[in-house]
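Quick note: the coordinates plus some simple rules give every number you see, no bench work behind them. Just so it is clear, the model here is predicted, and its values are computed rather than measured. A quick note on method: Cβ atoms are made from the backbone with ideal geometry, for glycine too, and the neighbour counts reach across all protein chains shown.
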Amino acid sequence: MISDKVRDILNEQINKEFYSAYLYLSMSAYFSEIGLYGFSNWAKIQSKEEIDHGMILFEYVLGRNSQVHLGQISTPSFDLNSPLDVFEQIYMHERSITEAIDCVAHMTEGECDLATRNFIDWYLNEQIEEEAEVSRIIAKLKAFGAEKSALYLIDRELSAREYSPIDY
Ligand code: FEO
């Protein structure tokens, strides 16, 4: 069993992960609409991973004999100025998710819930990877993205991303 405070913050995190999935899916549509199918692939796979992140939390809450409350998912909103602009918004979004995960970890420590604190380590590490990957893409876009031929190559590189399902 987990405390009501931990249950509530985990439910909030489930919502943030599913919102992230929705956000990336809408970005995937945007990239597809402007012919950047590799970027679209990258964002679509990210959307699937975000669903996994939400479902891992979902199963954890149920597995601790607690309650899942699925709240409303907000409409995703982002500016569609350029691939670089979108990726800078992705970076800011992931920073906000990292802060949210930090708050979950902090809450579990306050509640002396070491099992959930241990469980949340996976998310802390995942956020480090996600921020790093997005930073690398931003660096490439800043260095070469103004050239259409370079943007084409970055798009081709992102088309190689594959989805690895996670068991939960
Ligand atoms: Fe589930 Fe992008 O963090």
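What to note about this one:
- Extension gain, SER82 to ASN125, is 12.6 nm, computed as 0.36 nm per intervening residue step minus the present C-alpha separation.
- Karplus (6.51, -1.76, 1.60) ³J(HN,Hα), θ = phi - 60°, over the stretch 23-39, in Hz, Gly and Pro reported as x: 4, 5, 5, 5, 5, 4, 4, 4, 5, 5, 4, 9, x, 9, 6, x, 4
- GNM remark for the chain: springs join alpha carbons under 10 Å apart, and the peak mean-square fluctuation among ILE45, ILE137, ILE128 falls on ILE128.
- Rounded to 0.05, the FRET efficiency of the GLU12 and MET92 pair, given R0 = 25 Å and the Cβ-Cβ distance, is 0.85.
- Under 17 Å from a label point set 7 Å out along the Cα-to-Cβ vector of GLU157, the amide N atoms of the stretch 17-49 belong to 36-43.
- Gained length - HIS69 relative to ALA29, 0.36 nm times residue gap less alpha-carbon distance: 11.5 nm
- Size of charge dipole - the chain - debye, nearest 20, with Cβ of Lys, Arg +1 and Asp, Glu -1, no other charges: 380
- Over all projection directions, the Cα-based convex hull of the stretch 1-115 averages an area of 7.1 nm².
- Lysine pair count for the chain with Cα-Cα distance under 25 Å and sequence separation of 8 or more or different chains is 8.
- Check: the stretch 1-100 dipole with +1 on Lys, Arg Cβ and -1 on Asp, Glu Cβ, in debye: 260
- Placing pseudo-labels 7 Å out from each Cα toward the beta carbon at LYS5 and ALA150 gives an inter-label distance of 5.0 nm.
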